[in-house]
Amino acid sequence: MDETLYWAHLASVEGVGGALLEELVKRFGSLKRAMEAPLHELRDIPLMDGATLEAIRRAGQTLETTKTKLAEMDRLGIKTLTRLSNDYPQAFRQAQNPPPVIYQAGDWQADDEKAVAIIGSRDCSAVAARRAGEYASWLVRRGLTVVSGYAEGVDQAAHLGALDAGGRTIIIPGCGANQFDFSPLQAVGIASFEDLAKQALWISEQPPEMDWSTRASLARNRLVAAQARVVLVMEAKLHSSTMDTVEKARTYHHPIFCQNVSTINQKNMGNEMLRREGAGIITQAQDLESIVLAVGGETGPQSKRGSHEDPRR
């Protein structure tokens, strides 16, 4: 816990990223010793500028505050993991700029290696939200896990669809634990991290007090993309967080699918662009078999959690 405290504390300091933390460990052997080091020794560290040096110097004054926050996370059932932790997610190690620290509620299960990202607009159409929930229910019944970013609209509909079907979902929000809103999950009986850990996996790289922001939401996109073996876009604008996740997924060569649209408008022009670029098209229930095959999941008329149902019924 001692070194985890220093990782969590320094990771929340403005200007301190994973690369600098690794340099500090390389030079001093631990972050604890780095924080205790004389300023003249810190100045020689690569990536260290004057503002960051001053921020680290002041950080020692608020170490107890972070200690209190981590104790509160522990009481809530949230683990604090660093890149040095054995149970740090392997997919995140391969992500661009891996988070130095993550906060996690719940434990990894075998199905989580076969994850599908279902993503889309916050202000999506009612049809897109309904289909997101239906597709998520269908996919988890086939033994897959649904991962998304918990934004309003498509993301939340996908999480709820997976949970309502008794399946697995991984929630990667763009906020910290203390700012996480359980209201949407109350529909499936989840009102706390303790409840959530029994049915899902919750992961955030944001410090507990961090609220939603555009920057944090864009950052979490790389984690959604890293965890998912396949990405399914339900409805997306051309320039959007959804398309940002698609671009990040492409760096891993993950297959991209999108919902077919009959009428093109501002809300779904991203879908049309993906279609033109060769993304897999989902028009009806049987098309989801392509996703199951791409992920490496189960095939055939029966799933391990239930019957092979048409999600449009």
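For the stretch 43-74, give me each residue that is touching a Leu at 6+ places or on another chain (Cβ under 8 Å) and under 26 Å from Glu209 (Cβ atoms). Matches in the stretch 43-74: Leu47, Met48, Thr52, Leu53, Ile56, Arg57, Ala59, Leu63, Thr66, Lys67, Leu70. Of all the numbered requirements in (1) surrounded by fewer than 17 Cβ atoms within 10 Å (Cβ to Cβ); (2) among the small types (Gly, Ala, Ser); (3) farther than 22 Å from Asp2 by Cα, Gly143 misses one, and that requirement is (1). When Lys114, Lys69 are screened for being surrounded by 15 or more Cβ atoms within 10 Å (Cβ to Cβ), of a type in the set (Lys, Arg), in contact with a helix residue (DSSP H, G or I) (Cβ under 9 Å, 6 or more places away or on another chain) and not assigned by TED's automatic domain parsing to the domain that holds Arg250, only Lys69 passes. Checking each residue in the stretch 227-248 for being buried (at least 24 other Cβ atoms within 10 Å of the Cβ) and among the small types (Gly, Ala, Ser) picks out Ala228, Ala236. All conditions in (1) at pLDDT 90 or above; (2) within 22 Å of Val146 (Cα to Cα); (3) among the polar types (S, T, N, Q) hold for Asn86, with the sole exception of (2). Looking only at residues of the stretch 173-217 that are touching a helix residue (DSSP H, G or I) at 6+ places or on another chain (Cβ under 9 Å) and among the charged types (D, E, K, R), we find that the one that is nearest to Arg75 (Cα to Cα) is Glu194. Consider the stretch 221-266 and keep the residues that are in a loop (DSSP other than H, G, I, E, B) and polar (S, T, N, Q). The one that is farthest from Ala132 (Cα to Cα) is Thr251. Of the residues in the stretch 47-69, not one is in contact with a Lys or Arg (Cβ under 8 Å, 6 or more places away or on another chain), of a type in the set (Val, Ile, Thr) and over 25 Å from Asp87 (Cα atoms).
Residues that are in contact (Cβ under 8 Å) with a residue 60 or more places away in the chain and in contact with a helix residue (DSSP H, G or I) (Cβ under 9 Å, 6 or more places away or on another chain) do not occur anywhere in the stretch 34-57. Only residues that are closer than 25 Å to Tyr135 by Cβ, among the aliphatic types (A, V, I, L, M) and surrounded by fewer than 19 Cβ atoms within 10 Å (Cβ to Cβ) were counted in the stretch 189-220, giving 1. Per this entry, Thr169 is counted among residues that are under 18 Å from Ile78 (Cβ atoms), at pLDDT 95 or above, out of contact with any Pro (no Cβ under 8 Å at 6 or more places or on another chain) and crowded, with 18+ Cβ neighbours inside 10 Å. Does Ala226 satisfy the condition of being under 19 Å from Ile291 (Cα atoms) and of a type outside the set (Asp, Glu)? Judged against the criteria, Ala226 is a match. Residue count for the stretch 45-94 satisfying the condition of being in a helix (DSSP H, G or I), of a type in the set (S, T, N, Q) and within 18 Å of Ile203 (Cβ to Cβ): 1.
The values are calculated or read from the model by the stated rules, or taken from the named source; none is laboratory data. These numbers were taken from a predicted model, which means no experiment stands behind them. Don't worry about glycine lacking a Cβ; one is built from the backbone with ideal geometry, like all the others, and counts go over all protein chains shown.
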